[in-house]
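Chemist: Attaching a single structure in C-alpha cells format; questions to follow.
The values are calculated or read from the model by the stated rules, or taken from the named source; none is laboratory data. Because the structure is predicted, anything quoted here is derived from the model rather than measured. With ideal geometry, Cβ positions are generated from the backbone for all residues, glycine too; neighbour counts draw on all protein chains shown. These accessible areas exclude ligands, DNA and RNA; they are computed on the full protein's heavy atoms, side chains included. Shrake-Rupley method; radii C 1.70, N 1.55, O 1.52, S 1.80 Å.
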Amino acid sequence: MSKTSRFASLALLLLFTLAMGVHTHRAWMEWSWQRATSSWQAENACRVLERNPDCWRAAARLREQEGGNALPLWSRSLDLDPRNVEAAIASALPLESAGQPQEAERLLLRAARLNQLWLPRWSLALFYSRQGHSDEFWRWARLAFERSYWDRTAMFRQCSAQGATAQFLLQHVLPVRLDLRLALLRYLTGQPVDGQLLPAAEAVVACARPEQRGDALPVLVDAIAVLARMGHPEQAFRVWASMCDRRLTSYAAPTEQTPVTNSELRAPFMEAGFDWQMPPASGVSNLVLAGGEGVRFTLTGSQPAGAILLQQWLFLRGGQTWLLTVDARTQGIEPADSALYWRIIDEENGLPYEPDRAAVHGDEWTRLHFRLRGPPTDRLARLALMAAQRPGRVRMQGDVSVRRVELRAEPRP
C-alpha cells in the first residue's frame with residue numbers, strides 16, 4: 001500500500017474516531033440533563049446541546065427549585081421554541097416582578113392563544129388580579145372555569161378575595177354545569193358564610209337531573225346539615241323539599257303542613273338530611289320488614305332506659321298542635337312493661353315538649369292516632385320513637401314494628 005493510501009486511511013479513521021467521540025459526548029449529555037439533580041449539571045449539558053429547548057426547560061425547573069433566577073433559562077428555551085406554553089407562563093412571573101408587566105402580559109396572552117386550556121387562562125386571571133384590573137380578572141376567570149377540572153378550591157378562594165358572592169359567581173362567572181355548581185357548594189359548605197349556602201344549594205338542585213343524584217346527594221345533604229347548624233332550619237327544609245320535587249330522592253316532597261319525609265318508611269333509609277335515622281343503641285337490633293316498607297326493632301332488655309329507636313329531623317312551624325298517625329304493633333312485650341313513646345323533641349335541649357303522651361302498644365297491626373304539642377316558635381325538632389322504662393318495672397323485651405308514620409298540622413281554631 002502506498003504512503004498516500006495509508007495516509008488517507010489514517011485520516012478517515014481519525015475522522016471516524018472524532019465523529020464517534022462527538023456523538024458519544026452528545027449522547028452522554030442527553031443522558032446527563034435528563035438525570036440532572038442540579039441546575040448546574042443541566043446547564044453544562046445544555047451548553048453542549050445548545051439547540052435543545054427541552055434541556056433548557058429542565059435546567060430552568062431545577063433553578064426554580066433551588067430558589068435561583070430561572071428567567072434567563074426560560075428565555076433561552078422560549079427563543080428556541082416560541083410556541084411552548086410552559087416557558088411563556090414561567091417567564092411571565094419574574095418579568096412582572098422585575099417591573100415589566102407589559103412584557104409579562106404579552107407572554108401570557110401568547111400562551112392563552114396557543115393553548116386554550118385551564119392553566120394559561122387562570123395564569124392570566126391571576127396576573128390581572130395582581131395588577132388590579134378587575135374586569136379582565138373576571139373575564140379570564142370565567143374562561144378558566146370553563147376548562148377547569150379537579151379541585152377548584154384555590155380558584156374560589158381567589159374569587160372570594162375579589163369580593164365575589166355565590167350569587168355573583170352563579171350569574172356571571174360559572175358556566176351552567178353541575179360539576180362547577182357542586183364544587184362551589186362543596187367549597188361553601190367547608191367554610192360557610194351567612195347568605196351564601198342557600199343560593200348555591202338551590203342552583204345545584206335546579207341543575208341536577210335524577211340520574212345525577214349519586215353526585216349531587218352527598219354534597220346537598222352536607223349543605224343541609226350546615227344550614228341547620230347555622231340556625232337556618234327553614235332554608236335547610238326548603239332545599240330538601242326541592243330535592244324531593246326534582247326527584248333527587250325517591251320520596252314525595254314534605255310540606256310545612258305534612259313535614260314527615262318517607263312516611264311509608266321505605267328502607268334503606270338515607271340516615272341523613274330529613275330522612276329517617278335509626279341511631280345505634282346497645283341491646284337493640286333492627287330488621288327491614290318484608291317488602292321494604294317498615295322496620296322491626298328487637299329489644300333485649302339491656303337497652304338504655306331512654307334509647308331512641310327511630311327518629312327524623314323536622315322543620316316545624318311554631319304554635320301548632322300536630323296529629324300523629326302511626327301503623328304499629330308490639331310482640332312479646334308485657335303490657336305492664338310497655339314504655340314505647342312517640343315524642344317531638346326540642347333540638348337544642350333534647351327535651352320533649354310533652355313527655356309520655358304518645359304510647360305504642362298492641363299485638364296486632366293497629367292504626368294509632370295521637371295529638372302532640374310542637375315548639376312554640378319555628379324551629380328544628382325531632383320526631384322520635386323512644387324506648388323508656390316504667391318505674392318499678394324491668395326494661396322491655398320483645399319486638400316493636402312500625403310501617404307508616406304521618407304528621408299533620410291540626411287546623412288552627
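Chemist: Per q in 0.06, 0.08 1/Å, what log10 I(q)/I(0) does a Debye calculation on the alpha-carbon atoms of the chain return?
Modeler: Values returned for q = 0.06, 0.08 Å⁻¹ are -0.48, -0.66.
Chemist: Among 51, 177, 186, whose mean-square fluctuation peaks in a Gaussian network model of the chain (Cα, cutoff 10 Å)?
Modeler: For the chain, modelled as a Gaussian network with Cα springs under 10 Å, the answer is 51.
Chemist: List every residue whose amide H lies under 5 Å from the amide H of residue 266, counting only residues 5 or more places away in sequence or on a different chain, with H placed 1.01 Å from N in the peptide plane.
Modeler: Placed amide hydrogens put 294 under 5 Å from residue 266.
Chemist: Among 206, 253, 384, which one shows the biggest mean-square fluctuation in a GNM of the chain, springs joining Cα atoms closer than 10 Å?
Modeler: 206
Chemist: Run the lone-cysteine check on the chain: no other Cys C-beta under 4.7 Å from the residue's C-beta.
Modeler: 159, 207, 244
Chemist: Also, I was wondering about something else. What list of ³J(HN,Hα) couplings, whole Hz, do you get for segment 395-400 from phi and the Karplus terms 6.51, -1.76, 1.60, once you set θ to phi - 60° and write x for glycine and proline?
Modeler: These are the phi-based 3J(HN,Hα) values: 6, 4, 10, x, 10, 10 Hz.
Chemist: Sticking with this structure for a sec: Just the projected area, averaged over all directions, of the convex hull on the alpha carbon atoms of segment 208-303: how many nm²?
Modeler: Working: hull surface 29.8 nm².
Average projection, Cα convex hull of segment 208-303: 7.5 nm².
Chemist: Explain nothing, just the number: relative contact order of segment 259-322, from Cα pairs under 8 Å at least 6 residues apart, as a whole percent. Present the calculation step by step, with values, prior to reporting the outcome.
Modeler: Details: 90 pairs, mean separation 23.1, N = 64.
For segment 259-322, the relative contact order is 36 percent.
Chemist: Still on this model: Which whole-number percent is the relative contact order of the chain (Cα, under 8 Å, 6+ apart)? Could you put the intermediate results ahead of the total?
Modeler: Numbers: 711 pairs, mean separation 40.7, N = 413.
With pairs under 8 Å counted, the relative contact order is 10 percent.
Chemist: Can you give the alpha-carbon Rg of segment 68-163 over 2.2 N^0.38 Å, where N counts its residues?
Modeler: Working: Rg = 13.4 Å, N = 96, 2.2 N^0.38 = 12.5 Å.
Cα-based Rg divided by the globular estimate yields 1.07.
Chemist: Given q = 0.18, 0.29 Å⁻¹, what are the Debye log10 I(q)/I(0) values for segment 364-413, with equal point scatterers placed on the Cα positions and solvent ignored?
Modeler: Ignoring solvent entirely, the Cα scatterers give -0.90, -1.34.
Chemist: Could you work out which residue, out of 66, 271, 86, moves most in a Gaussian network model of the chain, that is, has the largest mean-square fluctuation with Cα springs under 10 Å?
Modeler: Greatest mean-square fluctuation among the candidates belongs to 66.
Chemist: Before anything else, pin down the relative contact order of segment 69-196: Cα pairs under 8 Å, at least 6 apart, normalised by residue count, whole percent. Each step should come with its number before you reach the end.
Modeler: Values: 112 pairs, mean separation 19.7, N = 128.
After rounding, I find 15 percent.
Chemist: Please list, in order along segment 320-325, the HN-Hα scalar couplings obtained from phi with the Karplus expression 6.51 cos²θ - 1.76 cosθ + 1.60 (θ = phi - 60°), rounded to whole Hz, x for Gly and Pro.
Modeler: 9, 9, 10, 9, 9, 10
Chemist: Run the numbers for residue 41 and residue 290: contour at 0.36 nm per residue of separation, minus the present Cα-Cα distance, in nm.
Modeler: Details: separation 249, 0.36 × 249 = 89.64 nm, distance 7.33 nm.
Roughly 82.3 nm would be gained on extension.
Chemist: Would you work out what percent of the accessible area of the chain, with all protein chains in place, is carbon or sulfur (probe 1.4 Å)?
Modeler: Details: 11110 of 21090 Å².
Carbon and sulfur: 53 percent of the exposed surface of the chain.
Chemist: Also: Quick check: with the 1.4 Å probe, what order do 340, 170 take by accessible area, largest first? Let's see the in-between values first.
Modeler: Working: 340 0, 170 25 Å².
From most accessible down to least: 170, 340.
Chemist: Name the shape class, rounded, prolate or oblate, that the alpha-carbon gyration tensor gives for segment 183-260, where a ≥ b ≥ c are the square roots of its eigenvalues, rounded holds for a/c under 1.5, and otherwise prolate holds if a/b is larger than b/c and oblate otherwise.
Modeler: Values: a/c = 2.13, a/b = 1.16, b/c = 1.84.
Oblate, because a/c is 1.5 or more while a/b does not exceed b/c.
Chemist: What are the semi-axes of the equivalent ellipsoid for segment 306-413, taken as the square roots of 5 times the Cα gyration tensor eigenvalues, largest first, in whole Å? If you can, show how the numbers build up before the last one.
Modeler: Working: eigenvalues 123, 48, 24 Å².
Working from the Cα gyration tensor, I get semi-axes of 25, 16, 11 Å.
Chemist: Let me ask you something else. Work out the FRET efficiency for residue 191 and residue 54 from their Cβ-Cβ distance, taking R0 = 30 Å, and round it to the nearest 0.05. Let's see the in-between values first.
Modeler: Numbers: r = 41 Å, r/R0 = 1.38.
Efficiency at R0 = 30 Å is approximately 0.15.
Chemist: Continuing with this model, one more query. Can you tell me the FRET efficiency between residue 331 and residue 212 if r is taken as the Cβ-Cβ distance and R0 is 60 Å, rounded to the nearest 0.05? Could you put the intermediate results ahead of the total?
Modeler: On the way: r = 42 Å, r/R0 = 0.71.
Efficiency computed from Cβ-Cβ geometry: 0.90.
Chemist: Calculate, in nm to one decimal, what residue 406 and residue 149 gain on full extension: separation in residues at 0.36 nm each, minus their alpha carbon distance.
Modeler: Values: separation 257, 0.36 × 257 = 92.52 nm, distance 4.42 nm.
Here the answer is 88.1 nm.
Chemist: Also, I was wondering about something else. Can you give the calculated 222 nm mean residue ellipticity of the chain, where each DSSP H run of n ≥ 4 adds -39,500 (n - 2.57) and the sum is split over every residue, rounded to the nearest 500 deg cm²/dmol?
Modeler: Working: 13 runs with 182 residues, N = 413.
When only DSSP H runs of four or more count, the value is -14000 deg cm²/dmol.
Chemist: A further question follows. Dividing the convex hull volume of the Cα atoms of segment 71-118 by its residue count, what figure in Å³ per residue is obtained? It would help to have the intermediate numbers written out before the result.
Modeler: Numbers: hull volume 2.9 nm³, N = 48.
Normalising the Cα hull of segment 71-118 by residue number yields 60 Å³.
Chemist: Could you check the spin-label model distance between residue 136 and residue 271? Points 7 Å from the Cα along Cα→Cβ, value in nm.
Modeler: The modelled label-to-label distance comes out at 5.4 nm.
Chemist: Further question on the same structure: If I model a spin label as a point 7 Å beyond the Cα along the Cα-Cβ vector, how far apart are those points for residue 373 and residue 178 in nm?
Modeler: Calculated label separation equals 4.7 nm.
Chemist: With a ≥ b ≥ c taken as the square roots of the eigenvalues of the C-alpha gyration tensor of segment 246-392, please select rounded if a/c is under 1.5 and otherwise prolate if a/b is larger than b/c or oblate if it is not?
Modeler: On the way: a/c = 1.63, a/b = 1.21, b/c = 1.35.
Verdict is oblate for segment 246-392.
Chemist: Taking a virtual spin label 7 Å from the Cα of residue 366 along the C-beta vector, which residues in segment 397-413 bring their backbone nitrogen under 18 Å of it?
Modeler: Within reach of a label on residue 366: 397-406.
Chemist: Let me ask you something else. From a point 7 Å beyond the Cα of residue 230 in the direction of its Cβ, which residues of segment 195-210 have a backbone N at a distance under 15 Å?
Modeler: Flagged as within label range: 195-204.
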